[in-house]
Amino acid sequence: MTVIIRNASTSDITHIKSILSQYILETELVEENVDWFIVAEKEGKVVGCACLDNSAGVIELRSIAVLPAWKNNGIGRRLFKTLEQRAKGMTDRIYVRTTARGFFVKMGFKALDNSQKPVLWQDCADCDKFDVCMQVPMVLELR
Ligand SMILES: CC(C)(COP(=O)(O)OP(=O)(O)OC[C@H]1O[C@@H](n2cnc3c(N)ncnc32)[C@H](O)[C@@H]1OP(=O)(O)O)[C@@H](O)C(=O)NCCC(=O)NCCS
């Protein structure tokens, strides 16, 4: 299976939003952040995406998703590894807020206490769904 990992461009925005929507992941900021996205492409079709975000003052891996038909083929790992390499030039650690805890454990992340979420992220501090939110905060030390 030949899968290319490449930087996203504006022509990928619709495809990225379509993938994220399948998992009810946030799509509102894709246009604004498209320069931070990478995509996985298989025979001309975008089958996965991921992004590094530094808008909250910490480097956060966001919006990693692979189309259902292509899951469990190593594409998520390749997307992650590409962004991990990129992050190494920018920071000492990568954060994530996720419901896919098992995947990120495989990638070397460690879970943080839930109480860290409002400390690390203002949107968590301001969120009225904080008490019911299933997203686990996790960190990967790069050095
Ligand atoms: C999480 C996701 C991106 C992983 O992509 P993928 O291409 O299926 O993952 P890979 O095939 O590269 O898997 C790498 C390893 O992680 C494991 N893995 C993948 N998803 C997992 C999960 N949800 N829980 C536990 N382990 C998982 C795989 O079994 C594999 O393990 P191995 O190396 O021992 O064989 C994909 O499942 C997905 O799109 N999930 C829905 C969207 C989502 O929740 N994204 C997280 C947003 S923060």
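By how many degrees, 0 to 90 and rounded to 10, does the Cα axis of helix 13-22 deviate from the longest principal axis of the chain?
Its long axis makes an angle of about 60 degrees.
In Å, the Kirkwood hydrodynamic radius of the chain over pairs of distinct alpha carbons?
In the chain this quantity evaluates to 15.5 Å.
Quick check for me: using +1 on Lys/Arg Cβ and -1 on Asp/Glu Cβ, what's the dipole size of the range 21-143 about its Cα centre, in debye to the nearest 20? Could the numbers behind the result be given before it?
Values: 17 positive and 17 negative charges, 172 e Å.
Result for the range 21-143 is approximately 820 debye, rounded to the nearest 20.
For Arg143, what is the net charge nearby, where nearby means another residue's Cβ is under 10 Å from its Cβ and Lys, Arg count +1, Asp, Glu -1?
Computed value for this residue: 0.
Please work out the C-alpha center-to-center distance from the range 61-112 to the range 16-51 and express it in whole Å.
14
Where does the charge balance sit around Gly108 when Lys and Arg score +1, Asp and Glu -1, over other residues with C-beta under 12 Å from its C-beta?
Around Gly108, the charge tally is +3.
State log₁₀ I(q)/I(0) for the range 42-112 at q = 0.18, 0.19 Å⁻¹ as given by the Debye formula over alpha-carbon point scatterers of equal weight, solvent excluded.
-0.71, -0.78
Please figure out what share of the DSSP beta bridges in the chain is antiparallel and state it in percent, rounded to the nearest 5.
Counting only bridges with both partners in the chain, antiparallel ones make up about 95 percent.
Relative contact order of the range 4-141: what whole-number percent is it, with Cα pairs under 8 angstrom and at least 6 residues apart?
Answer for the range 4-141 is 19 percent.
Can you return the lysines within cross-link range of Lys71? Criterion is Cα-Cα under 27 Å, with same-chain partners fewer than 8 residues away left out.
Reachable lysines: Lys17, Lys42, Lys45, Lys81, Lys88, Lys106, Lys110.
Just rank Leu20, Leu120, fewest to most, by other beta-carbon atoms within 10 angstrom.
On the way: Leu20 20, Leu120 17.
Result, fewest neighbours first: Leu120, Leu20.
With axes computed from alpha carbons, what is the tilt in degrees of helix 75-88 against the longest principal axis of the chain, rounded to the nearest 10 within 0 to 90?
Once rounded, one gets 60 degrees.
What order do you get for Ser21, Ser11 when you list them from fewest to most C-beta neighbours inside 10 Å?
The fewest-first ordering by Cβ neighbours comes to Ser11, Ser21.
Report the net charge of residues surrounding Leu52, where surrounding means a beta-carbon distance below 9 angstrom and charges are Lys +1, Arg +1, Asp -1, Glu -1.
Details: positive: Arg62, Arg86; negative: Asp53, Glu60.
Neighbourhood net charge equals 0.
Only the coordinates and a few stated rules stand behind these numbers; no lab work does. None of these values were measured; they are calculated from a predicted model. Every residue, glycine among them, receives a Cβ derived from its backbone with ideal geometry; neighbour counts consider all protein chains shown.
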